[in-house]
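Heads up, the thing below is written out as structure tokens.
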Amino acid sequence: MISFSAPDTYVANGSIVTYADTAEITTDVSHVLASSPAFAPIGAYVTGGAPLDRATNDLATSALGLLLALTILVLLVIMLVYFRSPSAPALAFGMIGVALVASLAMIFVVGKLVTSFNSEIESIILVFLMSIGTDYSVFLLARYREELVRGTPPGEAVETTVRWAGQSIATSGSAVMVVAVALTLSNISFLAQLGICLFIAVAFALLVNLTVLPALLVLVGPRIFWPNSGARFARYAERRRASVAEQTDPIARAGAAATRRPVAVIALILLLSVPVVAVALQVPVSYDITNIGLPASNPAQVGFVHLQEDFGSSYSSTSFALVTFAAPIMAAGHPNLTEVRDVDGLVGAVGSTPGVASVSTFVGTGGAPIGTWLNYSALPPAIKLELNASLGEYVGADGRTVMFTIATNASGYSAAAVGVIDTVHDRIDDYAGAHGDVGAIYVGGAGPTTQDIQSLVNSATEEMLIGAAIGLFVIMLLLLGSAFVPILALGVIGLSILWSWAGTYVVVGILENEALIFLLPLILLILVLGLGMDYNVLLLTRVQEERTMGHRGTVAIRNAVTYAGGVITAAAVILGGAFLLLGFTSPLGLLAAIGLGIGFAVLLQAFVVQLFFTPAVLTLGRDAIWKGGRRPR
């Protein structure tokens, strides 16, 4: 093994060259090995922090082109099927393009002036903005088409569309922005960066769809659905009105089934959820920050695996203990024997801890046996020089602080290593209690860092969940005027999150045998909480609209499902399909798991929760759950 290191900010000729140097080293090694047949049996890998980061960055960037093409294709096909018109998808893609360009430009400016962004965020934002931008456009275009089917004049149809669908979009966008703010307030840099980008993307998506799209609808009118316009649209409208009136539409039948047998629907969904939730709550997560899902065949990842197998699981993830003593280790050119004996005692206490592979300091592995130090005055000058050199590696500038390098049997980023380091800390504390000259004790390195990250993520999850839930509750309370309905909306989103988390574990964790990184539950929780609110808001505001028209009970609920259910399922197929594409095409495990998790959750929200579960609960609650609020206008 040949090892070398340089800081991430190392500059040559005015540029940071860490990644470039990594590529050059890989090329040089390959050229040398190819220069002679004698080197043919030799294999070489360049691995470590910079090569792994470079591989991650390259894969995230290279996947964007394919992801963009596939996403556009899926969105185009679904919208063509739903609207039966090429012009409506073209308009929606135009809105997405404007929002995407404006968002990326703003993100670029923020990245230059305020904070840099992780390379993987670009893929997430691309899919997110295309999906949510399409959702907003679909909501507006579908409502506009619905008004035209009813015979509403085009100008009035645009006004009604903006009044009701625009309200839903603005509320949904506000919900996502609340979640984005919660992310920015976290102490985890990746999530804070993601929150900033999401806020910018949603703001531009809302701005474009609530201003530019309605203006274009006024100018173009029903021709936006060409060739399904004129007499052809009149025939479509007649068929559509007939299917709604006769309840032959599949979406209408779903709403009727949910309201006809609400107890059975709720019981069945909750019964099926029990084993799924049990699995979701037991999913193991990885805190190994060196592996966010690089393919096993990637050279940097292969080299890293060899490094762990050949030099120990914690070779690149060691932990440290820093112990400060009352007196200097060396005084007047000679070791203080009391402190040296205590160092040896600590080596024994730490080294005998189950799970510890080795301990290195100036007494023992990293320097000389205790007997040599106790006989220091009788040693030849050359030996003394060697011992003094080992002191420079393990004794701090104050002369009293000693570093113990601790290698564990398991990777330093594993839960097992965290437990081992906790035991080590306890043993050092016990030793210090019996030896008065042992003072301050600190632990650091891979194990303690992993533990700190775990505590930070748990704390951030709790704080952001509470903050986002309160924000979403307040928004929906102000919109709907009911305290129960927002609780219902948050509850069903939570159910979708648990289902999607269990599904992601089955696909990524079991079938693909990939570790689920610790950030995933928090990312899924926050993003699905925001995205899932889209469909909740659209359905619930439609129920509210039906109530303002004089409909009550199951009639209002069935009408809402009939009219809003189709656009909800279409939008969910668009949004879920885009994220599932990310899940199945991304070469990075982290992005794949995010895509699968959000994709599963969105589809469950639309086809299970909004078509069946929510209507069933609203049916049981009847008009009582809407009492106490303002009457919508």
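The values are calculated or read from the model by the stated rules, or taken from the named source; none is laboratory data. Keep in mind that this is a model prediction, so the values were computed, not measured. Cβ sites come from the backbone with ideal geometry, for glycine too, and all protein chains shown count toward neighbours. Areas reflect the complete protein model, heavy atoms only, side chains present, ligands, DNA and RNA absent. Shrake-Rupley method; radii C 1.70, N 1.55, O 1.52, S 1.80 Å.
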Practice prompt. Determine which single condition residue 372 fails, assuming it passes every other condition in (1) closer than 24 Å to residue 448 by Cβ; (2) outside any loop (DSSP other than H, G, I, E, B); (3) open to solvent by 30 Å² or more (accessible area, probe 1.4 Å).
Written response: (1)
Item to complete: May I ask you to list the residues in segment 543-561 that are touching a residue at least 24 places away in the same chain (Cβ under 8 Å) and of a type in the set (A, V, I, L, M)?
Response: 543, 557, 560, 561
Worksheet item: Does segment 439-449 include one or more residues that are open to solvent by 50 Å² or more (accessible area, probe 1.4 Å) and in contact with a Gly (Cβ under 9 Å, 6 or more places away or on another chain)?
Response: yes
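For (1) more than 25 Å from residue 527 (Cβ to Cβ); (2) buried (at least 22 other Cβ atoms within 10 Å of the Cβ), each residue gets a yes or a no:
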residue	(1), (2)
141	no, yes
149	yes, no
177	no, no
183	no, yes
245	yes, no
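Here is a yes/no grid of residues against (1) at pLDDT below 90; (2) in contact with an Asp or Glu (Cβ under 7 Å, 6 or more places away or on another chain); (3) open to solvent by 40 Å² or more (accessible area, probe 1.4 Å); (4) not small (Gly, Ala, Ser):
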{"site": "191", "(1), (2), (3), (4)": "yes, no, no, yes"}
{"site": "200", "(1), (2), (3), (4)": "no, no, no, yes"}
{"site": "205", "(1), (2), (3), (4)": "no, no, no, no"}
{"site": "210", "(1), (2), (3), (4)": "no, no, yes, yes"}
{"site": "217", "(1), (2), (3), (4)": "no, no, no, yes"}
Worksheet item: When segment 415-436 is examined, which residues are found to be open to solvent by 30 Å² or more (accessible area, probe 1.4 Å) and touching a residue at least 12 places away in the same chain (Cβ under 8 Å)?
Response: 415, 416, 419, 422, 423, 425, 427, 429, 430, 431, 435, 436
Discussion item. Quick test for you: out of 538, 524, 516, pick the one residue that is more than 21 Å from residue 175 (Cβ to Cβ) and buried (at least 20 other Cβ atoms within 10 Å of the Cβ).
Written reply: 516
Discussion item. Can you go through 215, 280, 205 and tell me which one is touching a Gly at 6+ places or on another chain (Cβ under 6 Å), under 30 Å from residue 125 (Cα atoms) and either touching a residue at least 24 places away in the same chain (Cβ under 8 Å) or among the small types (Gly, Ala, Ser) (or both)?
Written reply: 205
Worksheet item: When segment 319-347 is examined, which residues are found to be within 20 Å of residue 445 (Cα to Cα) and either at pLDDT below 90 or assigned to a helix (DSSP H, G or I) (or both)?
Response: 343, 346, 347
Item to complete: Considering only segment 375-413, state which residues are at pLDDT 90 or above, open to solvent by less than 40 Å² (accessible area, probe 1.4 Å) and within 43 Å of the chain's Cα centre (by Cα).
Response: 394, 395, 396, 401, 402, 404, 405, 406, 407, 408
